[in-house]
Amino acid sequence: MAQSGLTTTQDGATSRSGATTIDPEEVRKFSAIADEWWDPFGKFKPLHKFNPVRLAYIRDGACAHFGRDRRAKSPLEGLSLLDIGCGGGLVAEPMRRLGAAVTAIDASERNIKTAMAHAAPSNLEIDYRATTVENLAEENTAPFDIVLNLEVVEHVADVELFLKTSAGLVKPGGMMVMATLNRTLKALALAKIGAEYVLRWLPPGTHDPRKFVKPEEAKSALTRAGLTVTAEAGVTYNPLMDIWRIGDDVSVNYMLTAVKG
C-alpha cells in the first residue's frame, strides 16, 4: 500500500512523489531475475566473473585513501559503506567481510529479499533496505565514508540527479567509486550485442546502449556534485584467458574514484 506522499513500484519499493531517478522498467527487469543473483553460471555470470577485479579495486582504493593496510584481515574496519543498487549482495557481502559497516539499498524489494536470505546463514550483519537513494537522502541518513555506485548509472532515469544525490551521502573526506559502461561503438558491440545476443551472458534487453555514460559526462556530473575525481580505470576482458583485468582502456567498462574535500 502506498504511504502518504509516496508512490510504490510494482515490486514494492517506494519512491517519493518528487524528483526521482528510478526507471520502473529497469526495476521490473532485474526483479524478474532476482533469484539468480548467486548462481555463478546463471544470468549474472559476468558479474561473478569480474567481481574479484572490482572488489580489489575498491579495497585497494579505500585503503590508499584512508591509510589502511590492504593485507590486513579487516582493512575497512571502522568505515561506513553504502552500496547503491546492491542487487543480490554480490558486493555488499565481501565489503562486510572486509570489515566495513555496510548499508545496502536497492529499488527492487525482490533483490533485497534475495540478498538478505543469502547473508543470513553466514550471520553477516548488513543493513539491507528496499529503498531509493532519494529516500535515503531525505531521511537525513548520516553520510558514509564510502559510497559505491557499481553498474547502476546506466539503469537510472536521471544520471545527473542520481550522482548529485549519491554525492550528498558521502562524508567530507570520504570517497565514491562508480562503475559503468562507456557510450561507444565498441561497448555497443561487446557489452550489448556480444554479451546479450552472441555469447548469451546476459538476458536480451538487459542494457539500453543509449543510457551508457561517457567518462567525461560522469566526471563532469561528479564535479558539479562537489566531488573531485582522483582515479580512472578501465576493466577489460581477455577471451583467450577468460579473465578480467584493470587497465587503461575505458572504451567499454570503466571505474571512477572521486573524493569529497
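The values are calculated or read from the model by the stated rules, or taken from the named source; none is laboratory data. What you see is a predicted model; the values in this text were computed from it and never measured. Every residue, glycine among them, receives a Cβ derived from its backbone with ideal geometry; neighbour counts consider all protein chains shown. Heads up: the accessible areas ignore ligands, DNA and RNA and are worked out on the full protein's heavy atoms, side chains in. Shrake-Rupley method; radii C 1.70, N 1.55, O 1.52, S 1.80 Å.
Filter the stretch 153-170 for residues that are farther than 15 Å from Glu217 by Cβ and not small (Gly, Ala, Ser); which is surrounded by the fewest Cβ atoms within 10 Å (Cβ to Cβ)? Among those residues, the one meeting the criterion is Leu169.
Hey, can you tell me all the residues within the stretch 210-254 that are over 20 Å from Lys171 (Cα atoms) and aliphatic (A, V, I, L, M)? Matches in the stretch 210-254: Val213, Ala233, Val235, Leu240, Met241, Ile243, Ile246, Val250, Val252. Inside the stretch 113-132, residues that are open to solvent by less than 10 Å² (accessible area, probe 1.4 Å) and within 14 Å of Gly89 (Cα to Cα) make up a count of 2. Counting only residues that are open to solvent by 50 Å² or more (accessible area, probe 1.4 Å) and more than 12 Å from Arg245 (Cα to Cα), the stretch 49-65 holds 4 of them. Only a single item in (1) part of a loop (DSSP other than H, G, I, E, B); (2) among the small types (Gly, Ala, Ser); (3) modelled with pLDDT of 90 or more is not met by Ser166, and it is number (1). Any residue in the stretch 133-150 that is open to solvent by less than 10 Å² (accessible area, probe 1.4 Å) and either without any contact (Cβ under 8 Å) to a residue 24 or more places away in the chain or among the small types (Gly, Ala, Ser) (or both)? No, the stretch 133-150 contains no residue that is open to solvent by less than 10 Å² (accessible area, probe 1.4 Å) and either without any contact (Cβ under 8 Å) to a residue 24 or more places away in the chain or among the small types (Gly, Ala, Ser) (or both). Across the stretch 186-207, the number of residues qualifying as open to solvent by less than 30 Å² (accessible area, probe 1.4 Å) and either in a helix (DSSP H, G or I) or modelled with pLDDT of 95 or more (or both) comes to 6.
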